[in-house]
Amino acid sequence: MMARARNGEGMQVRVNAVVQARTGSTRLPGKVLRPLGGRPVLDWVVGAAQKAPGVDEVVVATSTDPGDDPVAERAAHLGAAVVRGPEDDVLARFTLAAREHPCDAVVRLTADCPLLDPELVGLVAAAWRQAPGHDYVATTLVRTLPRGLDVELARADALRDLDATATGYDRVHVTSGLYGEPERFRCLGLVVSPAANDLRITLDTPEDADLLDGLVEALDGRTGWRDVVSVLRSRPDLVARNADVRQKPLEAG
């Protein structure tokens, strides 16, 4: 575990990564425990969070449904803390994670994004530490990364404020209530160049799984987002594997 860092005003701040994960998925059930490159998808996500500079603790937030017992067991095996809450109220799981594992900010990660880059996670955490007055820092305000590599950070007190008022969609999506009310919450967006937001490497369908299997083999141990983009740009045959997949309307993660 990394030592607590200080922000620009000398205050100690703590940033935890919270990974939302559950086995329920209508298009690809059990995807977070699906093997990828010889280990479960969840291992990839937790491992990236644990390697990210500036992350003090990794928490996996799963549901209380018995079907998610294997998720909790695997997360504990990986050395992550575990919290369990409502299956469809993901925001409640995040506020529970921040309450049981106190921190100043939460990096939100999803367990269906196995190729997350620790460098990007650390970049978002560092940006917030330099400007801790922001309630939300993310690579999604203007999307320039492939879907599946994005990183979001929220101040813990902003999540608590949101939890008191959020309903419906905002309780499932967790952060939509933050960037959806810029007059209430201060937001900061990060972008990369050249943009690669036309690419998709998240895991939601069998076609996505097929692409990820081929991509991991082609990467041959490399994990950086630049390597991911470089391989996909040079391998149209891989990109074609999930080219017809469309992002599904949001479901609880």
- prompt: For the chain, what is the mean residue ellipticity at 222 nm derived from helices alone (per DSSP H run of n ≥ 4: -39500 (n - 2.57); sum divided by total residues; nearest 500 deg cm²/dmol)?
  reply: -10000 deg cm²/dmol
- prompt: How many angstrom lie between the C-alpha centres of region 123-140 and region 149-221?
  reply: 14 Å
message: Amide H of VAL82 versus every other amide H placed in the peptide plane: which residues, excluding those fewer than 5 positions away on the same chain, fall under 5 Å?
response: VAL60
task: Considering only DSSP beta bridges where both residues belong to region 1-142, give the percentage that are antiparallel (nearest 5).
output: 20 percent
message: Just to check I understand the Karplus step: with θ = phi - 60° and J = 6.51 cos²θ - 1.76 cosθ + 1.60, what whole-Hz values come out for region 223-230, glycine and proline as x?
response: 10, x, 5, 5, 5, 4, 5, 4
statement: Taking R0 as 45 Å and r as the Cβ-Cβ distance between ALA131 and ASP237, the FRET efficiency 1/(1 + (r/R0)^6), rounded to the nearest 0.05, comes to 0.60
- prompt: Between the DSSP loop rule and a limit of at most 15 other Cβ atoms within 10 Å, which GluC sites (Glu not before Pro) in region 118-190 are left?
  reply: GLU183
statement: Scalar couplings 3J(HN,Hα) for region 92-102 by Karplus 6.51 cos²θ - 1.76 cosθ + 1.60 (θ = phi - 60°), nearest whole Hz, x for Gly and Pro, are 4, 5, 5, 5, 5, 4, 6, 7, 7, 10, x
message: With a 10 Å cut-off between alpha carbons and a GNM built on the chain, which of GLY224, GLY168, GLY214 moves the most?
response: GLY168
Å³ per residue enclosed by the Cα convex hull of region 1-127: 99 Å³
message: Eigenvalues of the Cα gyration tensor times 5, then square-rooted: what semi-axes does that give for region 67-176, in whole angstrom, largest first?
response: 21, 18, 15
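Read-outs: derived from the displayed coordinates by stated rules, not from any lab. For clarity, every value in this text was computed on a predicted model and none was experimentally measured. Cβ coordinates were reconstructed from backbone atoms using ideal geometry, including for glycine residues, and neighbour counts include every protein chain displayed.
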